[in-house]
1. Using unit Cβ charges (K, R positive; D, E negative) and no other charged atoms, how large, in debye to the nearest 20, is the dipole of the range 69-124 about its Cα centre?
2. Checking the table 23/95; 95/211; 23/168 against a 19 Å threshold on Cα-Cα, which pairs fail?
3. Which residue fluctuates most in the GNM of the chain (Cα springs below 10 Å): 232, 125, 25?
4. Please list, ordered by chain and number, the residues whose modelled amide H lies under 5 Å from the amide H of residue 27; skip anything fewer than 5 residues away on the same chain.
5. Given the Cα atoms of the range 207-260, and with Rh set as the inverse mean 1/r over their pairs in the Kirkwood sense, what is Rg to Rh to two decimals?
6. Setting aside same-chain residues fewer than 8 positions from residue 254, which aspartates and glutamates have a Cα under 14 Å from its Cα?
7. So, in Å, what gap is there between the alpha-carbon centers of the range 2-32 and the range 125-156?
8. Kindly provide the helix-only [θ] at 222 nm of the chain, computed as the sum of -39,500 (n - 2.57) over DSSP H runs of four or more divided by all residues, to the nearest 500 deg cm²/dmol?
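Bear in mind these aren't lab numbers, they're just calculated from the coordinates by the rules spelled out. Since we're looking at a predicted model, the values are computed, not measured. All Cβ positions, glycine included, derive from the backbone under ideal geometry; neighbour counts span all protein chains shown.
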Amino acid sequence: MDYKWITYALTDGVARIAMDDPKTMNAANPDMGFELVDAFDRASAEARAVLLTGEGKAFCSGGNLGAAAKILGDPRRDFGEQLELSLNAVLVAIKQIEMPVVTSIRGAAAGYGAGLAAAGDIVVMGEGAYFYLAFRHVGLVPDGGATWLLSRAVGRVRAMQLMLLGEKLSAAKALDWGLATKVVADDDLEDASMAMARELAAGPRSLGMMKRMAWDALDGSFEAAIDTERRMQRAAGRSDDFIEGVTAFGEKRKPVFKGT
């Protein structure tokens, strides 16, 4: 697939996927969604970690309200259709890809972009970045998986605060609330995010298993979680990376994992 709305680059095992429509601050649209899904599928075959970001001054400003204005006169308008067409599939792709995903946030992670940013397994924010669930200000409801992701990350009451009041959440507070992994200077964001992604890409195959277990644990019972741990431990223990890890430990050296 040729990309118009995103860019894709593979470096040191990291697939850097960037939304690329700076004039709208990377507002999401169905075609961008199709391209993102394709990029994650491509990454699953050739990368060991993903870095998801936005070009320009913002991560993602949400849905394209400029396009929405064109359908206001239609009594059967369906602004949720774009979610069904492709944008929800992006979130599923992030969850299902069997490798860590780092979301790197500069500027606004607003509307749909807030959920997209929160879906990362590792969330790195620049000091000037912020989450903004602006839906109430335009008479819409949260999407991008935000109701599920934020309620679990920060708790129902804080998620309600963000959704019902439509307040911006600064990077510093996002870190304090547990919604961000790391906050760095804006000028250092790209390098810090890539360093994190490279570290993950150099990790063992079991990192992808850890991700799957953590996602599954959000909806399952304790008994289901420990059963999953048992099954995944068997798979991890049969990997080449486990052999390398134990061998390196015995030889008192840093392991060189290959993701197998």
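1. On the way: 5 positive and 6 negative charges, 42 e Å.
Rounded to the nearest 20 debye, it is 200 debye.
2. As for pairs spanning more than 19 Å Cα to Cα, those are 23/95; 23/168.
3. Of 232, 125, 25, the Gaussian network model singles out 232 as fluctuating most.
4. Here 61 satisfy the definition.
5. With Rh from the inverse mean 1/r over Cα pairs, Rg/Rh is 1.09.
6. 199, 241, 244
7. Measuring centre to centre over Cα atoms gives 21 Å.
8. So the helix-based figure for the chain works out to -13000 deg cm²/dmol.
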